[in-house]
Structure formats: C-alpha cells, structure tokens
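One structure is given here, and the rest of the page talks about it.
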Amino acid sequence: MFPNSSNLGRPPFLPKHQQHNNFFSELPLNIPPTLLSHQQIVDARFNFQNAARLSEQNVPYDVKRQRFHSPHCESTLVNQTVPLPEERRYSFPGSIPSPLFHAHYIPDLTGCVPPLRDAPFPDPIETTLPVAKDKLSQQVLELFQACQQQTCDLNKKELCRTELQKEIQQIFPQSRLFLVGSSLNGFGTRSSDGDLCLVVKEEPVNQKTEARHILSLVQKLFCTKLSNYIERPQLIRAKVPIVKFRDKVSCVEFDLNVNNVVGIRNTFLLRTYAYIENRVRPLVLVVKKWASFHDINDASRGTLSSYSLVLMVLHYLQTLPEPILPSLQKNYPESFSPTMQLHLVHQAPRTIPPYLSKNGSTLGDLLVGFFKYYATEFDWSHQMISIREARAIPRPDGIEWRNKFICVEEPFDGTNTARAVHEKQKFDIIKDEFLKSWQRLRDKRDLNCILPVRATIQKR
C-alpha cells in the first residue's frame, strides 16, 4: 500500500518472494483467502502491496465511490445460536501474535451475536428483522435495510487498518491498531466513518502529553511518507486527542486515537446489545439519521455524539415498563468487566443468549415512545442516563457532572459521553427537536414528517 521513504528511516518492504505469504496473512481478518475471488485478491494486492499505490486521479470514480451492491449485510440470526468464526477476525485482541496480547483461545462457545466474517447466512433479512405491519414500522425497516453498513464497507476499512498498522509498527514495533466504534458494534451505516485505536502499551497513556506526542509522530508519517494516500491528516487536541484523516482509495474518513482502550470494551458491549434483540439496530439507525438531519449529531459543534445517541436509545429500551433490553453488565458481570484483559474482551458476546422480551411493541411504537420519553419524561436537570444500571440514576456531585446539560454515563469508565453539550442554546435546540418530533410523529405516524426517507436513503 505504502512505498518506503528513506527520509523517515523506515526499513524497506519485504522482498518480493516474501510478499505473497505476507499478503495472505494480512487479508481482512474475517475472510480466509480461499473465500476471496481471484479478482478481489488481485485488486487488494494492487491497491495495498504495490510499491506505488494508485493515486486519486488514476482510480476510476465508480471504483472509488462504488456503493457496493452486494445483497449481503452484517447478518445476524436473532433467536438462533450463532457460532463465532475461527481465530482470524477483525483486529480482535485474541488473534494478535504480539507480546501485548499473547493469549489464544478455542472458539467452543456460542451466542446470539453474529461473527464478523463474510459468511453466507441463510435468508438474512427474513430471519433477522422484526415484522412490520404498520406504515411507520415499515419505513423504519426500509431505512435500516438501505442504510445499514454492508460487509464490503467493513472490509474496506479493515484493509486500510491492516496496511496502516504495518506502517505504524515501523515507528512503534509493539503497537496494534484496532478498528472500533460503529464499524464493529453493529450500529454502522454505509456512510459511517472509521474509528481506530492505536494501542502502544498495556498501561494507561497520559492523553494530554504522551498521546499527543505519539499522534504527532503518526501525523508526520501521514504527511510525509503516506501523503499520496492519506489526505488531510489533522491533529485534534481534544480530551481524547485524535488524528483525523481520509483514505484516498477507500474514500473513508477515519479518527485515530492512542490507548483509549475503553473504546475497545464498549465496542463489544454495544455489539452484544445490537444483536440480542432484533428491534435494536433498526431503531438506533433511524435515530442516528434523524439526529444528523436535524444537526444535533456532532459533538465537535456542541451537540450529541453518535455514541451518546446509541446509549440514549439503549437506555430507553431498558426503562420501558416491560423492558426490551436488560443491563448486560448486571446480568453478565464477568463477561463485561472493566478490568478484563484486552485480549479477552472480544470473547464476551459469544456467550450471551438472545434476550426474550415480553414487550411486543412495534418499531413505530418504539420510535414514538423514544421521542416522548426524552421530550416529556426524562428529568434532564437531575438524572443521568445509565445503561450499566438500566435506569435513570441521580446525577453525581463530581465536577464532570456539575453544570452539564446532558449526562450520559460511559458504561465502563463512568465519564460523561455528552459533555460536549455545554451551551444552553444547543441544549434547548436538542430538547426542542425531541419535542417537535414526538408531536409530529404521534399525530401523523409517518417517518417523513421528521426525516425525509427517500432523500436519506439516497444519501446513505
């Protein structure tokens, strides 16, 4: 993917006679080489292993921007037992031949969370999606089916992660690069950015000093050696600093952090929530699209992050009179312990069975109820959203929670994921959107009254 650059003092690429084996060892971790077509292998090797990668202008537009017409999605067989795949998988700590993560495992357990691989599941749509008989529920399902992340979208991100890891390891030999967030947690869309976590050591990293220094070196790598392939690398000095960049070949935007390992933990917690009940993913996707359409889904602009929105949906589903979701951390404390070693984190979802709720509400009813809950029932001034407790709990007295308009507890480290909402004007806008959307949806029962379905599908 990336040619050698002498000005950075990097060792050269592997000799040609070694590149073939190395190529197969770095294929997307969920796809055995035998499942790839000859053309896929040729394309992947051409894009990612040649000494000179294709420049932006040399790649046909329809290749760079193809919308991936594969009918296969990240399939799940809800209410059935789905075994996890063999050891090769998407940047999972358990598969890493590194001193940082040295444990191996035997995939002998099963659960309802599907594997991360391109596997031919039977009738994925019919067996995984809830029945939608009313118009609003049908609209929610239609939007979900059109906009949910596809396996091919995930593979693009994984190929980029694999090649970036090899380049970064020439600076930090023992580091590993993980794909986290919506790309893996089951709530991704066709347009989702990629989130990457660079783990340089097992111990915590000072985010103000050490992480920024490491990211500055990564940014320099992107600006020099990889400048033909990585576009617009920016170092963002936030509470958790990141390097934002765009991969020119895949056209995917990425955020890369250092040692923010809570993101690895919550990726697999959320993935389990996503798949233990088949109404969760459609509902979350529609809420994310709604928030984006109404300009309240951008933490950098003082509104809600996608992560906070997901937690808000999960919290609502936990707090219904007849819950649709449990607290996984309460029911399976050992599987979701915040102290679990990283190389074991990915195993937790394999053991969790489907959640059989007695609540038969439709997707449409749940969407209306979601807006009603936050428009009229939740006490923003005194309560905190907690999926760990599966209830609204009193706000803590700590400085992080004081004078905050929205409090959403991060389920592992206890921080406020909605801390970006620090202006009353933005908070009032958010509340107003919840109220107006609830009233319109309650009266018209048409998703178009709060979110243009056709335009959203076309944008994806």
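The values are calculated or read from the model by the stated rules, or taken from the named source; none is laboratory data. As the structure is a prediction and not an experimental result, all values here were calculated from the model. Cβ atoms come from the backbone with ideal geometry, glycine included; neighbour counts cover every protein chain shown. Calculation scope for accessible area: heavy atoms of the full protein, side chains included, ligands and nucleic acids excluded. Shrake-Rupley method; radii C 1.70, N 1.55, O 1.52, S 1.80 Å.
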Quiz item: Hey, got a sec? Which GluC sites (Glu not before Pro) in region 310-405 land in a DSSP loop and have at most 14 other Cβ atoms within 10 Å?
Solution: E334, E400
Quiz prompt | Charge dipole magnitude, Cβ of K and R +1, D and E -1 - region 281-431, Cα centre, debye nearest 20 | solution = 200
Quiz item: Of K220/K244; K330/K436; K157/K330; K201/K248; K156/K248; K156/K244, which pairs sit farther than 23 Å apart, going by alpha carbon to alpha carbon?
Solution: K330/K436; K157/K330; K201/K248
Quiz item: So how far apart, in nm, are the two label points at I236 and K444 if each is 7 Å from Cα heading toward Cβ?
Solution: 3.2
Practice problem: With a ≥ b ≥ c taken as the square roots of the eigenvalues of the C-alpha gyration tensor of region 316-407, please select rounded if a/c is under 1.5 and otherwise prolate if a/b is larger than b/c or oblate if it is not? | Solution: oblate
Quiz item: How much length is gained if the chain between C152 and K330 is pulled fully straight, taking 0.36 nm per residue apart and subtracting their Cα-Cα distance, in nm to one decimal?
Solution: 60.6 nm
Quiz item: Between D365 and K201, what is the FRET efficiency for a Förster distance of 60 Å, r being their Cβ-Cβ separation, to the nearest 0.05?
Solution: 0.80
Quiz item: How many times 2.2 N^0.38 Å is the alpha carbon radius of gyration of region 136-280?
Solution: 1.11
Quiz item: Counting only the backbone N, which residues of region 305-333 are under 20 Å from the spot 7 Å out from the Cα of Q425 toward its beta-carbon?
Solution: 305
Self-check item: Dipole-positive endmost among L451, W380, P321 within region 301-460 (Cβ charges, Cα centre)
Solution: L451
Quiz item: According to a simple spin-label model (label point 7 Å from Cα along Cα-to-Cβ), what is the distance in nm between I393 and T224?
Solution: 4.7
Quiz item: Kirkwood hydrodynamic radius of region 238-290 from all distinct Cα pairs, in Å?
Solution: 13.6
Self-check item: Average accessible area per residue (Å²) across region 141-247 - probe 1.4 Å, nucleic acids and ligands excluded
Solution: 35
Quiz item: Roughly how many Å² is the accessible area per residue of region 362-460, as a whole number, for a 1.4 Å probe?
Solution: 49
Quiz item: Can you list the trypsin sites (Lys or Arg not before Pro) in region 345-403 that are in a DSSP coil and have 13 or fewer other beta carbons within 10 angstrom?
Solution: K358, R402
Quiz item: Given a Förster radius of 25 Å and the C-beta distance between W380 and R301 as r, what FRET efficiency does 1/(1 + (r/R0)^6) yield to the nearest 0.05?
Solution: 0.80
Exercise. Set the Förster distance to 25 Å, then compute FRET efficiency between E322 and K135 from the Cβ-Cβ distance, nearest 0.05.
Key: 0.55
